[in-house]
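One structure is given below, encoded as structure tokens.
Bear in mind that the values in this text are calculations on the coordinates, not laboratory data. Predicted model, so just to flag it, every value in this text is computed and none were measured. Cβ placement follows ideal geometry from the backbone for every residue including glycine, while neighbour counts extend to all protein chains displayed.
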């Protein structure tokens, strides 16, 4: 049969965000696929060299739109390591709480989008509504729903308001009572078991050699997590489990994120009980004139999609010399996607793309 | 553990080894020994290449290629730095050792203009139909390019002076 | 268009599903069940051939601008454009970037601007309410301006996106 070339472009219901894929098709089977990023390129790394160290925080939370808080945490950890600043205890607990809230909200968008590509639109309505309760909590602390700009070198901006503990416990109880509904409608239903098991398999050797990290690697059988291997903030003092599954197909990747939501809820309950009192910010010099000493460092954080790294070089002035942002999707979205799509059918392109959890703005920066 | 690694590596290659803090090591190496070093260190357990970055030191006249390596078994991160010439930037590819290096080298080729010999896929990655200088170099000015190609909103004289006065710490 | 036609269109505005930038993250709560937009007749549609409104949500890069113009020209008259966010007005936070265009009015005729970074879902509803009032009075005529001043729009588009290249008919 003849081969056709299709352009699954940016204006499409089956692509997450603004991303393109070019496929060559023989009948209904894919012969070759090529990823086409670059629609969201804003040149962050060039813009960051022209702004002060503190002004950059309002830029970098727009690098990954779905969970913006790990970017702020990694940037602040990099600046604090070069300039040798310590942050107070209460600030570390507040930062950890915000990171876990952002992880739950990103996994809820994942569940809603994945099932809507397979035809079930109910879960999207449930998931985005449940995520809104978490955004209300974040608005109570920081003032903004989507972009928070709350962490800064030296700590966080302000303390938690009154009445926060009761509001947080209400939201956590509400989320816990909704989890059985999600299990019943997605993971116990025959349609999804037949559609998702055995599709889009990622073998363990290929995953390690192509640099896959995060929940996609834990669904292949490796128990690797940055919160255990390279600990930061308050994670050594908390008691949580790291779930691992073994098949590496779409069903396991979705089930693993469901279990991670449960673990994050357990972490949040511990944080609300054990948080100490104290100040939330150590004073740093006047941010418009602060000259950071010479040096370089690499800081690493576990975001909802994988391992996020910042490489920062400073040469003694009040602006950074070079910042390199390495997001988790640059390995998932280009080489891994092109390899997994060979031999699959046309109707499975967008479920596979959504199940790898590719975030296009963090490839293009 | 850092002492054994230091003695082992200094016997085989001529490097400068520094321990920055716990779990971070910085190694500076000459450009001819960089790819053999990567093959050797992969067999010692550093199987994960996190990223490859490039820094433009314009006063010295050199580009600096930085490899970030992580070992899952020893939990150590190595920052490996080597310098190449800026006027004629040629280097070798690392994708025969780590397959994931192909994407990062494609990105550096587009943004800085470095040519990696042996990388078969140095085609445009993010920019489309770009015909000016490589944009991440230090002598490319983004404000000039933006003013030439894109017009912006014109305000009246009074609003323009008010806005400029309130942003006096921006150049 | 007659009064009855305008009444029919403003009660059922269909939006092309094209997530062009950051602003798409606040379009998701608008179309689901907490802030429900379907009670006003607004739903998302997969193809531009059967929709009325194009929502440009957020910043505009040059690579996306070529696709936005092709999508806009495939829609049938009468059609409307809603610009979301501060980046479409004067460049916003990316004013000095070499890859984002600063002002959307030079390339496409805009009917309603919604300010904010990101605008809240309640603000998006107010913007659509203004659009419906403008349609009822007959003042939302961006598509007529595009037809009459096409030479001026084409000159600006060629300056930003590259004139001699064949992106208007090429399939990439």
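Every residue in segment A:135-147 that is within 12 Å of chain C (Cβ to nearest Cβ), touching a residue at least 40 places away in the same chain (Cβ under 8 Å) and touching a helix residue (DSSP H, G or I) at 6+ places or on another chain (Cβ under 7 Å), please. Matches in segment A:135-147: A:146 only. Do we have residue A:124 as closer than 30 Å to residue A:250 by Cα and away from every other protein chain (no Cβ under 14 Å) here? Here the answer is no, as residue A:124 does not meet what is asked.
Only one residue in A:249, A:230, A:205 is surrounded by 16 or more Cβ atoms within 10 Å (Cβ to Cβ) and within 17 Å of residue A:332 (Cβ to Cβ), so which one is that? The match here is A:249. Within segment C:26-37, not a single residue is at the interface with chain A (Cβ under 9 Å from one of its Cβ atoms), more than 19 Å from residue A:20 (Cα to Cα) and part of a strand (DSSP E or B). Looking only at residues in segment A:294-321 that are at the interface with another protein chain (Cβ under 10 Å from one of its Cβ atoms) and outside any strand (DSSP E or B), the one that is farthest from the chain's Cα centre (by Cα) is A:315.
Taken over segment A:150-166, the residue count meeting the criterion of being surrounded by fewer than 18 Cβ atoms within 10 Å (Cβ to Cβ) and under 12 Å from residue A:98 (Cα atoms) is 1. For residue B:63, state whether it is assigned to a strand (DSSP E or B), under 14 Å from the mean Cα position of the chain (by Cα) and buried (at least 17 other Cβ atoms within 10 Å of the Cβ). The answer is yes for residue B:63.
Has segment B:72-95 got any residue that is within 14 Å of chain A (Cβ to nearest Cβ) and at positive phi? Within segment B:72-95, one or more residues are within 14 Å of chain A (Cβ to nearest Cβ) and at positive phi. Would a scan of segment B:136-149 turn up a residue that is at the interface with chain A (Cβ under 10 Å from one of its Cβ atoms), under 30 Å from residue A:52 (Cα atoms), surrounded by fewer than 12 Cβ atoms within 10 Å (Cβ to Cβ) and over 25 Å from the mean Cα position of the chain (by Cα)? Within segment B:136-149, none of the residues are at the interface with chain A (Cβ under 10 Å from one of its Cβ atoms), under 30 Å from residue A:52 (Cα atoms), surrounded by fewer than 12 Cβ atoms within 10 Å (Cβ to Cβ) and over 25 Å from the mean Cα position of the chain (by Cα).
State which residue is farthest from residue A:334 (Cα to Cα) when the search covers only segment A:36-52 and only residues that are touching a strand residue (DSSP E or B) at 6+ places or on another chain (Cβ under 8 Å) and more than 8 Å from chain B (Cβ to nearest Cβ). It comes out as A:49. Helices (runs of 4 or more DSSP H) fully within segment A:170-285 that include at least 2 residues being touching a strand residue (DSSP E or B) at 6+ places or on another chain (Cβ under 8 Å) and either more than 14 Å from every other protein chain (Cβ to nearest Cβ) or under 19 Å from residue A:96 (Cα atoms) (or both): A:226-229.
Name every residue in segment A:338-359 that is within 14 Å of another protein chain (Cβ to nearest Cβ) and more than 22 Å from the chain's Cα centre (by Cα), in order of residue number. Correct list: A:339 only. Among the numbered conditions (1) out of contact with any helix residue (DSSP H, G or I) (no Cβ under 6 Å at 6 or more places or on another chain); (2) away from chain A (no Cβ under 14 Å); (3) free of Cβ contacts under 8 Å to residues at least 12 places away in the same chain, the only one that residue B:153 does not meet is (1). The conditions of being under 30 Å from residue A:350 (Cβ atoms) and either touching a helix residue (DSSP H, G or I) at 6+ places or on another chain (Cβ under 7 Å) or within 13 Å of chain B (Cβ to nearest Cβ) (or both) are not met by residue A:57. With respect to the conditions (1) more than 26 Å from residue B:19 (Cβ to Cβ); (2) within 13 Å of chain B (Cβ to nearest Cβ); (3) within 28 Å of the chain's Cα centre (by Cα), residue A:288 falls short on a single one, namely (3). Looking at B:69, B:49 in this structure, which one is in contact with a strand residue (DSSP E or B) (Cβ under 9 Å, 6 or more places away or on another chain) and more than 7 Å from chain A (Cβ to nearest Cβ)? Result of the check over B:69, B:49: B:69. Applying the selection to segment B:16-38, what residues are surrounded by fewer than 19 Cβ atoms within 10 Å (Cβ to Cβ), away from chain A (no Cβ under 14 Å) and not in a strand (DSSP E or B)? Across segment B:16-38, the qualifying residues are B:30, B:31, B:32, B:33, B:35, B:36.
Which residues, counting only those in segment C:153-165, are without any contact (Cβ under 8 Å) to a residue 60 or more places away in the chain, within 14 Å of chain B (Cβ to nearest Cβ), assigned to a helix (DSSP H, G or I) and surrounded by 14 or more Cβ atoms within 10 Å (Cβ to Cβ)? Passing the criteria: C:153, C:156, C:159. For residues in segment B:96-118 being touching a residue at least 24 places away in the same chain (Cβ under 8 Å), in a loop (DSSP other than H, G, I, E, B) and surrounded by fewer than 20 Cβ atoms within 10 Å (Cβ to Cβ), which is nearest to the other protein chains (Cβ to nearest Cβ)? Top of the filtered list is B:97. Restricting attention to segment B:119-129, and to residues there that are facing chain A (nearest Cβ under 10 Å) and more than 22 Å from residue B:91 (Cα to Cα), which single residue is farthest from the chain's Cα centre (by Cα)? So the residue we want is B:128.
Quick grid of which residues meet (1) at positive phi; (2) in contact with a helix residue (DSSP H, G or I) (Cβ under 6 Å, 6 or more places away or on another chain); (3) facing another protein chain (nearest Cβ under 10 Å):
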position	(1), (2), (3)
C:47	no, no, yes
C:51	no, no, no
C:58	yes, yes, yes
C:63	no, no, yes
C:71	no, yes, yes
C:75	no, yes, no
C:83	no, yes, no
C:89	no, no, yes
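Taken as a whole, the structure leaves residue A:335 outside the set of residues that are within 11 Å of chain B (Cβ to nearest Cβ), part of a loop (DSSP other than H, G, I, E, B), over 18 Å from the mean Cα position of the chain (by Cα) and touching a residue at least 60 places away in the same chain (Cβ under 8 Å).
Consider segment C:112-152 and keep the residues that are within 13 Å of another protein chain (Cβ to nearest Cβ), part of a helix (DSSP H, G or I) and out of contact with any strand residue (DSSP E or B) (no Cβ under 7 Å at 6 or more places or on another chain). The one that is surrounded by the most Cβ atoms within 10 Å (Cβ to Cβ) is C:121. Condition check for residue C:94 on (1) within 14 Å of chain B (Cβ to nearest Cβ); (2) surrounded by 20 or more Cβ atoms within 10 Å (Cβ to Cβ); (3) at positive phi: one failure, at (3). Taken over segment C:76-90, the residue count meeting the criterion of being touching a strand residue (DSSP E or B) at 6+ places or on another chain (Cβ under 7 Å) and without any contact (Cβ under 8 Å) to a residue 60 or more places away in the chain is 4.
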